[in-house]
Amino acid sequence: MALVKGTDKRVSADYQDIRPKARSAITDFIATMNRAHGFARVARYEVVLHPPKGIDLPDEVTRDISLHCNAITMPGHDLNSTDMKFGSAPVTKMVTAHAYTGTITASFYLDVNLEAHSYFTLWQKAAVDDKTHKAKYYWDDDNNRHNYAGSMEIYQLGSDYSANQTMNSPFDGLNYTGKFDAEGRNTRQVNQMVTKRTHGMLVEEVYPETIGQIEYAYETVDTIALLPVEFQFRKWKVMDPTKLDEVGRVFTR
């Protein structure tokens, strides 16, 4: 045994009981993921389109088009800066403004009627008359509603065992409810994996700026046709995480 300097404590020669315990990076990593309920999966998302009210686009069609969104990008945010130099000091990049640059790139599955193509074509016609070739005003005559700019919501989805469901099942001693259904079968309570919105972005003043080309080829017999669309927008904001389910669900994956 050895005496610790400045104390009357005696410890073994390897000092294992006074050295700080080593933290496991893997353990910490797993713990952070458990607290966050796992990683975000790029294949788990939901898109909700809201075209402007003045366009004759039925809600049922809008829901179907939102459902058929094959891929989409969440927009970014930029800080604009300028160089400031004081005397012989190094240049300092100072923020002068911010901007929501770029477009939202998306693609949509196409049915045999090319409904998505017709949908976004009608939306674009609200911005430009294809006969007179004149652009329409951004606001309506009363200056209280956009003529061709709508909105869009993009959600990250996750999963959680947060719902109980009563199911018919032979009695196996697990989660038995002690009740029977109308046909006299035993029932039990089971946990069900449910899909939930974990993050939401509201994109404001959205419209389809570019409807892309549809590619055809004889060699792609079993390939589903896709329609690329680029959306222009003005700004976006993160939605209140406690109110993500207040908007009607379109699809969960």
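The values are calculated or read from the model by the stated rules, or taken from the named source; none is laboratory data. All values derive from a computational prediction rather than experimental measurement. With ideal geometry, Cβ positions are generated from the backbone for all residues, glycine too; neighbour counts draw on all protein chains shown.
Can you go through Lys5, Lys53 and tell me which one is of a type in the set (Lys, Arg), at pLDDT below 90 and closer than 25 Å to Glu205 by Cβ?
Numbers: Lys5 fails: closer than 25 Å to Glu205 by Cβ.
Only one candidate passes the filter, namely Lys53.
Any idea how many residues of region 206-242 are surrounded by fewer than 18 Cβ atoms within 10 Å (Cβ to Cβ) and under 18 Å from Gly76 (Cα atoms)?
The qualifying residues number 7.
If a residue has to be of a type in the set (D, E, K, R), assigned to a loop (DSSP other than H, G, I, E, B) and either within 18 Å of Pro52 (Cα to Cα) or touching an Asp or Glu at 6+ places or on another chain (Cβ under 7 Å) (or both) to count, how many in region 127-153 make the cut? Before you say what the answer is, go through the steps one by one.
From region 127-153, those of a type in the set (D, E, K, R) are 129-131, 134, 136, 140-142, 145, 153; that's our starting set.
After this cut, where a residue has to be assigned to a loop (DSSP other than H, G, I, E, B) as well, the list is 129-131, 134, 136, 140-142, 145.
After this cut, where a residue has to be either within 18 Å of Pro52 (Cα to Cα) or touching an Asp or Glu at 6+ places or on another chain (Cβ under 7 Å) (or both) as well, the list is 129, 136, 140-142, 145.
Residues meeting the conditions: 6.
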